[in-house]
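Here is the structure we will look at, set down as C-alpha cells.
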Amino acid sequence: MNPRAWKLLHLISDGGFHSGEALAKQLGVSRATVFNDLASVADEGVQLQRIRGRGYRLAGGWQPLDKNEIECCLGAAASRFQIEILQQAASSNTELLRRLNVPGGTVMAVELQTAGRGRIGRTWHSGLGNALTFSLLWRFDCGLNVLSGLSLAVGVAILRTLNRYKATGVGLKWPNDILTAHGKLGGVLIEAQGDMYGPSLVVIGIGINCSLPMTIAQSINQPAVALDGICAAPPERNQLLAALLQELAEVLHEFSVSGFAVMRAEWEQYHAQQNLPIQLQMPDGTVVSGVARGVSDSGELILETAQGIRQYNAGEVGARS
Ligand code: BTN
C-alpha cells in the first residue's frame, strides 16, 4: 500500500460513509486515484464497501495500533517497554533483528506484514487489521544454553492473556502453537542471538488472528480460527497487545529467575494433546508415534513410545492418523 492509501485508510477509519469526491479534495488527487488506492486497501483483507451516491465505507471501522493507547492500557508496566508501530514491513521479527542494539523491552508492532515468517521456514499470513503481529526484544544475562523452554514459557504468557478474555477451547500444541479444535489461532517465532554462556537476546515474534476475512482465510494453508469467534467480548488489538506484554514481562522475569520448570505444570494444563496419541515428524523426515505425556523441566516433549519414554527437542507435532 502506498502512503496515500494509508492516509485514505485513516480518513475512513470511523466506519462512516465518505464520498469519493470529498476524499479526493482532501488529498488533492482525482477520484480515480482515490478509487485505485482504496482498491489496494481492500486487497489487504478489510471490508470496504462502495455504494453509489454515498461513497466508501469500512464495515466495522478500523482501529489503528496506537502507541499512546497501548501505553495507557499497560499502566505501570509501560516503563518496561519501548513501543514502535510500523504501518508496513515484511516481518516484525526481521525488522527488529536489524536493530539489535536497541534496549531490552523494545516492541515492534506492524499493521501490515507483507512477508510474515513462521517456524521451520513457513509463512505467516495476515491482512490489514485482522491480526496482531508484533515482536519483542528481550535480553538475558544467561547464555543460549539455558534458554531451552523459553518458547514454551511464551506460550504460557499467551494462554494467561487469552484466559483474561475468556477465550474458549484454546490450548497449546508443542512447542507453542496456539489453537482450538477447529484450527490455529496464533503462533510464536523466537529467534535468539548471543553467546552459549551469556549474555543473550531473543526476538519473540507473536501473531494472533483477531478476525478472519474470507480473503485471508483462503490464503492460510491450514484450518484457522480468530479471537472474534472464540471470545464473547474480544479485546481490540491495542488492549490485547498491552495485556500480552504485561503477561510476557511477568513470565520472562519468572523464567530468568527460575527457568521453565516452575511453569511446566501450567503448560501441561494448557497442552491440547496431553495424554493423546500423536506423531512427531523429525527434521530428518522420520516419524515417531507415541502418547504425549507432557514436557520436561527444560521444555522437551515427552512421548511414551513402543520403545519406552523418550524426550524430544525438535520436530513437528501432528495428530495420529
Ligand atoms: C508459527 O506459527 O510458525 C509462528 C508464526 C509467528 C508469526 C509472528 S507474526 C509477528 C512475528 N513476525 C514474523 O514474521 N513472524 C512472527
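The values are calculated or read from the model by the stated rules, or taken from the named source; none is laboratory data. Predicted model only: the values in this text are computed from it and were never measured. Positions of Cβ are backbone-derived with ideal geometry, glycine not excepted, and every protein chain shown enters the neighbour counts. Ligands, DNA and RNA are stripped out before the accessible areas are found, and what is left, the full protein with its side chains, is counted by its heavy atoms. Shrake-Rupley method; radii C 1.70, N 1.55, O 1.52, S 1.80 Å.
Residue by residue, region 89-100 carries 3J(HN,Hα) couplings of 7, 4, 7, 5, 5, 4, 4, 6, 5, 7, 10, 5 Hz when phi is fed to the Karplus relation 6.51 cos²θ - 1.76 cosθ + 1.60 (θ = phi - 60°); x denotes Gly or Pro. Dipole of region 164-321 computed with +1 at Lys/Arg Cβ and -1 at Asp/Glu Cβ about the Cα centre; of Val251, Ser219, Trp267, farthest Cα towards the positive end is Ser219.
Every helix of 4 or more DSSP H residues in the chain counts as -39500 (n - 2.57), and over all residues that averages to -9000 deg cm²/dmol at 222 nm.
Against the chain, whose longest principal axis comes from its Cα atoms, helix 31-42 is set at around 20 degrees.
About its Cα centre, what dipole magnitude does region 84-205 give when the only charges are +1 on Lys and Arg Cβ and -1 on Asp and Glu Cβ, stated in debye to the nearest 20?
Around 360 debye, computed over region 84-205.
Each of Leu150, Thr94, Met1 was placed along the dipole of the chain (beta-carbon charges, centred on the mean Cα), and the one lying farthest toward the positive end is Met1.
Take the solvent-accessible surface of the protein heavy atoms, probe 1.4 Å, and return the percent of it on region 121-163 that carbon and sulfur atoms account for.
Working: 600 of 1220 Å².
Looking at region 121-163 in its full context, I get 49 percent from C and S.
Taking amide hydrogens as placed 1.01 Å from N in the peptide plane, the amide H of Ile190 sits under 5 Å from those of Gly205, each at least 5 positions away in sequence or on another chain.
Largest first and in whole Å, what are the equivalent-ellipsoid semi-axes of the chain based on the Cα gyration tensor, each being the root of 5 times an eigenvalue?
Values: eigenvalues 292, 99, 57 Å².
For the chain, the semi-axes come out at 38, 22, 17 Å.
Dipole size of the chain about its Cα centre, with +1 on Lys/Arg Cβ and -1 on Asp/Glu Cβ: approximately 880 debye, rounded to the nearest 20. Between the residues Gly60, Thr168, Ala314, the greatest Cα displacement towards the positive end of the dipole of the chain, with unit charges on the Cβ of Lys, Arg, Asp and Glu, is found for Gly60. For the residues Ser126, Ser296, Ser91, a GNM of the chain with alpha-carbon springs under 10 Å puts the largest fluctuation on Ser296.
What part of the accessible area of region 275-321, given as a whole %, is carbon or sulfur when the probe is 1.4 angstrom?
Here it works out to 47 percent.
Cut-off under 18 Å on the C-alpha distance; same-chain residues fewer than 8 positions from Lys184 excluded. Which lysines are left, in chain and number order? Cα-Cα hits under 18 Å: Lys166, Lys173. How many percent of DSSP beta bridges within region 76-201 run antiparallel, rounded to 5? Roughly 70 percent of the beta bridges in region 76-201 run antiparallel, per DSSP.
Remark: C-alpha extents of region 174-321 on the principal axes read 47, 42, 27 Å, sorted largest to smallest.
Convert 37 °C to kelvin, take the viscosity as 0.692 mPa s, use the Kirkwood radius over C-alpha pairs of region 1-84 as Rh, and evaluate the Stokes-Einstein diffusion coefficient in µm²/s, rounded to a whole number. Walk me through the intermediate numbers first.
Numbers: Rh = 14.1 Å.
After rounding, the answer is 233 µm²/s.
Assuming charge only on the beta carbon of Lys and Arg (+1) and of Asp and Glu (-1), the dipole of region 1-144 about its Cα centre is about 320 debye to the nearest 20.
How far is the Cα center of region 275-321 from the Cα center of region 184-216, in Å? About 22 Å separates the Cα centre of region 275-321 from the one of region 184-216.
Carbon and sulfur together cover what percent of the accessible area of region 205-267 at a 1.4 Å probe radius?
Details: 1340 of 2530 Å².
After summing per-atom areas, the C and S share lands at 53 percent.
For Lys7, a cut-off of 28 angstrom between C-alpha atoms picks up these lysines, skipping any fewer than 8 places away in its own chain: Lys25, Lys67.
Assign one of three labels to region 269-321, namely rounded, prolate or oblate, based on the Cα gyration tensor with a ≥ b ≥ c the square roots of its eigenvalues; rounded applies when a/c is under 1.5, prolate when it is not and a/b is larger than b/c, and oblate otherwise.
Working: a/c = 1.37, a/b = 1.21, b/c = 1.14.
Verdict is rounded for region 269-321.
What the chain shows is 45 Å² of accessible area per residue, with the surface traced by a 1.4 Å probe over protein heavy atoms.
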